[in-house]
1. Just to be sure, is A303 free of Cβ contacts under 8 Å to residues at least 12 places away in the same chain, closer than 27 Å to W485 by Cα, assigned to a helix (DSSP H, G or I) and not aromatic (F, W, Y)?
2. Tell me which residues, restricted to the range 201-220, are surrounded by 24 or more Cβ atoms within 10 Å (Cβ to Cβ) and in a helix (DSSP H, G or I).
3. Looking at the range 258-281, which of its residues are open to solvent by less than 10 Å² (accessible area, probe 1.4 Å), of a type outside the set (A, V, I, L, M) and in contact with a helix residue (DSSP H, G or I) (Cβ under 6 Å, 6 or more places away or on another chain)?
4. Can you give me the number of residues within the range 144-169 that are touching a helix residue (DSSP H, G or I) at 6+ places or on another chain (Cβ under 6 Å), over 28 Å from L221 (Cβ atoms) and not aromatic (F, W, Y)?
5. Can you list the helices (runs of 4 or more DSSP H) found entirely within the range 221-291 that contain at least 1 residues being under 30 Å from T551 (Cα atoms)?
6. When the residues of the range 159-197 are filtered to those that are assigned to a helix (DSSP H, G or I) and touching a strand residue (DSSP E or B) at 6+ places or on another chain (Cβ under 6 Å), which remaining residue is farthest from R40 (Cα to Cα)?
7. Can you pull out the residues in the range 503-548 that are open to solvent by 10 Å² or more (accessible area, probe 1.4 Å) and closer than 15 Å to A226 by Cβ?
8. Among the residues of the range 138-197, write down those that are within 22 Å of the chain's Cα centre (by Cα), under 27 Å from S335 (Cβ atoms) and among the charged types (D, E, K, R).
Amino acid sequence: MAVAMAVAVVAPAAPSQAKTGTDRTSATEARRVDSVTKPRIDWFDCSIVTPRAQCGTVRLPVDYDRPRGAQTEVALFRIRAADPKRRVGSLFLNPGGPGGSGVQFAASAPDFLSPDLLARFDIVGVDPRGVNFSDNVRCWRNFAAQAEALSGMDVPFPYTKAETRGYVASSRKFGQACSSTGRPLTAHMSTAQVARDMDVLRRTLGDRTLTYLGFSYGTYLGQVYANLFPDRVRAIAIDGVLDPIGWAGTGNTALPQTQRIRSGEGAAKALREILRRCGTAGPDYCELARYGDPTQLYDRIIAALKEAPLTVTDPDTGEVWYTLTYQNLIAMLLSDLYSPSGSSFIDMDLTFAWTLLSEQSQPAQKEGAARSLQRRLAQVFPEQSPTRPTLRATGARAGWGFPYDNSLETFQTVACTDSRNPRLAAAWQGYAALADRTAPGFGPMWTWASAPCASSTWTVRDADSYRGPFTRQTARPVLVVGNYWDPATNYDGAVSAAALLPNSRLLSSDSWGHTAYGTSGCVTDAVDAYLLRVAVPARGTRCYGDEQPFTDPLEGEPRPGLRRSAPSRPLPPVVPPLPGSTPRG
């Protein structure tokens with residue numbers, strides 16, 4: 001049975017801050033979006049994907065200061081409400097990224113949303129401009145040029161001097177390409193432009209005000225909309241929340257964007273707590289604990305891989321199976337932490353690594369660990385696996401002009417046009433070293449992610465991007481959901497966002513993984529109640545995750561009172577704010 005705190009919901013309350021009265025959409029923003037003639041959506045049947053589904057495309061202004069100028073095509077996906085007589089309106093979804101596909105996310109909504117939401121709302125997903133089925137942003141003429149320019153970014157993050165030189169060089173080329181070939185779309189892809197698109201689509205679909213559920217980076221989109229159009233909010237729920245000032249860099253360019261949001265610190269905190277609980281639970285519940293203190297073993301594994309990568313070969317032929325590097329292990333552990341079951345994966349991965357590194361392991365143990373770890377690496381890095389060749393990997397080696405994957409461009413274009421950053425990509429080496437002190441391993445990985453945003457080479461700007469204020473009074477309360485152990489969006493981001501928004505309510509959860517909806521029955525019920533009735537949880541409500549680390553023994557029956565159930569529905573396939581990341585699940 002799931003363990004969760006019951007959630008008392010209350011009617012929308014007056015904000016705790018002194019500020020009263022709803023703020024209005026500024027005259028400038030109202031003119032931008034309201035002057036756009038309601039566009040015609042070209043709908044077509046998509047019930048082959050899921051019942052009651054429609055796909056569509058719509059043309060929207062590239063530049064809202066010129067609403068009758070150039071246009072860009074944006075793709076939509078809609079699932080009609082199952083109970084149209086009780087329909088509330090449209091529920092817009094965003095899975096994060098930036099660069100995540102709202103179309104694909106909405107198509108999977110019947111798997112992760114509650115039946116009540118599916119009955120009462122039309123579920124709407126939008127591929128943001130430049131992304132997926134919408135008109136694509138492209139910073140290179142073809143895939144061969146892209147692959148050559150980004151060849152130095154073929155590691156999760158650089159560690160050696162040679163890797164650092166290559167990563168910096170590719171980061172410079174990234175900024176230069178998107179500031180030239182990527183125009184004009186790269187100059188009009190900030191989150192503010194997506195918020196304006198969403199407001200035009202809200203009006204086009206017949207909704208007087210917006211109902212929205214956003215995850216990860218999608219929480220920043222929700223915050224930007226709430227501050228641009230505060231009087232047009234019905235309900236905005238944001239889960240896995242980015243600190244808006246950290247993301248935008250409002251008044252601060254001293255640190256890179258992906259260091260300001262403190263994702264590395266969140267991941268390091270979660271890993272250390274898992275290792276601590278592994279040691280406390282003991283070898284009956286955590287296999288790594290059979291070999292010693294888990295924290296000390298982890299430190300020894302990291303030290304060994306920093307000294308030299310681990311090359312694993314076939315014991316019979318001597319063929320190299322794979323090479324486990326320090327950076328690949330960090331990336332794999334971060335991937336593990338996205339899941340509420342991440343403690344089990346971390347126990348498994350670190351046990352495999354320790355078995356391979358330990359001189360006390362028997363040959364049969366080493367071979368078993370090698371094969372198991374090979375399968376795990378193939379899951380996390382499929383394109384690097386020699387046993388799983390892909391069309392993209394083949395094209396990169398052959399120098400083809402296709403297939404063109406613009407996922408890195410979509411992330412960087414939004415992130416870089418949203419935020420202020422230091423001037424030189426080479427300076428990221430120093431910032432990464434600083435981050436390594438407060439968040440070993442994970443800090444450098446997150447910090448390096450924004451190196452292409454260095455302002456001396458990423459020179460294209462979106463003149464109408466939004467960097468605050470983030471303190472507007474919305475017509476209805478905003479629900480801010482924060483997860484204590486989130487490895488991608490630090491819980492502190494939720495606290496900061498709730499403190500900034502005068503009419504908001506913070507819902508905290510002792511959950512594991514990235515975002516909390518679906519990982520805790522308590523959170524899921526609270527979010528559903530809010531979206532349906534705009535009823536916020538009681539102030540100070542704290543939820544608990546349905547899965548907790550090391551509560552089931554490795555063998556035998558669980559101890560009474562410790563069992564935590566898995567989610568009753570699949571989790572939302574959210575995309576963490578890290579370039580190239582794949583959706584969870």
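The values are calculated or read from the model by the stated rules, or taken from the named source; none is laboratory data. Note that this is a predicted model, so its numbers are computed, not measured. Ideal geometry is used to build each Cβ from the backbone, glycine not excepted, and the neighbour counts take in all protein chains shown. Only protein heavy atoms, including side chains, enter the accessible area calculation; ligands, DNA and RNA are left aside. Shrake-Rupley method; radii C 1.70, N 1.55, O 1.52, S 1.80 Å.
1. Yes.
2. R202, Y217, G218, T219, Y220 - these are the residues of the range 201-220 that are surrounded by 24 or more Cβ atoms within 10 Å (Cβ to Cβ) and in a helix (DSSP H, G or I).
3. T258, S263, G264, C278
4. Selection size over the range 144-169: 9.
5. Because the criterion is at least 1 residues that are under 30 Å from T551 (Cα atoms), the helices (runs of 4 or more DSSP H) in the range 221-291 that meet it are 263-281.
6. Only one residue fits best here, namely L185.
7. Passing the criteria: N503, S504, R505, L506.
8. Selection gives D154 alone.
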